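Some notes on the structure that comes next.
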Amino acid sequence: MAIKKTGLYDMHVAAGGKMVEFAGYEMPIQYSGILQEHKRVRETVGVFDVSHMGEVELRGERALEMVNNLTINDASKIAINQAQYTAMCYEDGGIVDDLIVYKRADDHYLMVVNASNLDKDFDWIMKHKLDGVTVNNISDDITQLAVQGKAAEATLQKLTNVNLADIKFYWFTEGKLADVDMIISATGYTGEPGFELYFPREHSEAVWKKVFAAGEEFEIAPIGLGARDSLRMEKKYCLYGNDIDETTSPLEAGLGWITKLDQGDFVGRDFLAKQKEDGITRRLVCFVVDGRVIPRKGYSLEKDGEVVGTVTSGCYSPILEKNIGLGYVAKGFNKSGETVELVAGKRRATAEIVKPPFV
């Protein structure tokens, strides 16, 4: 299968982006360097091309019914122009994907899914399609930009008459920005204030150039996948394929807050209700490493010589200036202050369980 390019590929190359294959796309892993890009987002503002993400539209009078059958959160509670973080599960409680649902009208929902899962997700959605609902995969037609950081609002406000300060966290509006009609959403994957912009692919380069011109006074910079990962790690935002997948349940992953067992029936509900009643046997935790060992997926976590857990993600935290990680540990070893041993081949280091987020 040919590797795809987003509508901003030429912009990334011109900006010195180091391009790699990711989720079927050529994407920038970094530009100036992960450390500098990470700090740019935490300090002022950075721009991510996240056009590789998947967008699936559901339209029809039973669209809400279909969304609620597919997802574990309660979509009936969201208003028009509101977004909701949620997940889809298999019957055995394993996670199909985590996603955001946007309610554009009573009969119109947009599901934004992870790039690497798009084909699988679309097949799953179609498997549970209800009569009277039209489902469209519009991913290839959409460019998605994430403008993140304390100066994101000041940057984008120059380009729109929409009062961005009025858009609350996890709400969105539809209006003109940079002379293009788009969805302007107060969402993101960094833990910083900011917006995600959804607009037709043909306007990709024009919008990119205008955003960068508007943010010049804040030293706006393009940000690659490397810093996207370290930024989300500092906030304990789960990454599908690492921290959550078909072998983990939302309750084990600390996503009980989006698992609404009282919203009616949905795929996986019976399993999750029983798991909640019986109690989980492991939990996703945050830990900080005392030493120079960077946690990597698959490394063991031990206590008194016995394996009690496994690392799912890890990186160097530019803000804490320490190595941090996420991993599943057996119940009883998941309390803050508990120490375990990180085992990386012949190297070992002490790791302390801490409350999320790291930063």
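We did not get these values from a lab; they are worked out from the coordinates using the rules stated. What you see is a predicted model; the values in this text were computed from it and never measured. So basically every Cβ, Gly included, is an ideal-geometry build from the backbone, and we count neighbours across all protein chains shown.
Assorted remarks:
- Look at the alpha carbon pairs under 8 Å that are at least 6 residues apart: their mean separation over the length of the range 281-354 gives a relative contact order of 40 percent.
- Violating pairs (Cα-Cα greater than 32 angstrom) within the set Lys236/Lys303; Lys168/Lys331; Lys39/Lys168; Lys39/Lys127; Lys5/Lys129: Lys168/Lys331; Lys39/Lys127
- Neighbour-count order for Met1, Met126, Met88, Met19, fewest beta carbons within 10 angstrom listed first: Met1, Met126, Met19, Met88
- Principal semi-axes in Å for the range 1-276 [√(5λ), Cα gyration tensor, largest first]: 31, 20, 18
- Site pair Ala206 and His128 shows an inter-label distance of 3.9 nm when each label is modelled 7 Å from Cα along Cα→Cβ.
- Karplus 3J(HN,Hα) series, Hz, for the range 206-221 with 6.51 cos²θ - 1.76 cosθ + 1.60 (x for Gly, Pro): 5, 5, 3, 5, 5, 5, 5, 5, 5, x, 4, 5, 9, 6, 3, 9
- Exceeding the 22 Å Cα-Cα cut-off - candidates Lys120/Lys276; Lys235/Lys355; Lys276/Lys297: Lys120/Lys276; Lys276/Lys297
- Whole-angstrom Cα spans of the range 161-270 along principal axes, big to small: 50, 32, 27
- Farthest toward positive dipole pole in the chain [+1 Lys/Arg, -1 Asp/Glu at C-beta], among Gly33, Ile223, Gly149: Gly33
- Here the dipole of the chain is about 1060 debye; that uses its Cα centre as origin and unit charges on the Cβ of Lys and Arg (positive) and Asp and Glu (negative).
- Average projection area in nm² (convex hull over Cα atoms of the range 281-354, one quarter of hull surface): 4.3
- What the Cα atoms of the range 229-347 give is an Rg and a Dmax of 15.2, 50 Å.
- Taking θ as phi - 60° and the Karplus parameters 6.51, -1.76 and 1.60, the scalar couplings of the range 19-25 work out to 8, 9, 7, 8, 6, x, 10 Hz in sequence order, x denoting glycine and proline.
- Orientation-averaged projected area, Cα convex hull of the range 48-89 (nm²): 3.9
- Extension gain from Tyr170 to Ile258, taking 0.36 nm per residue of separation minus the Cα-Cα distance: 30.3 nm
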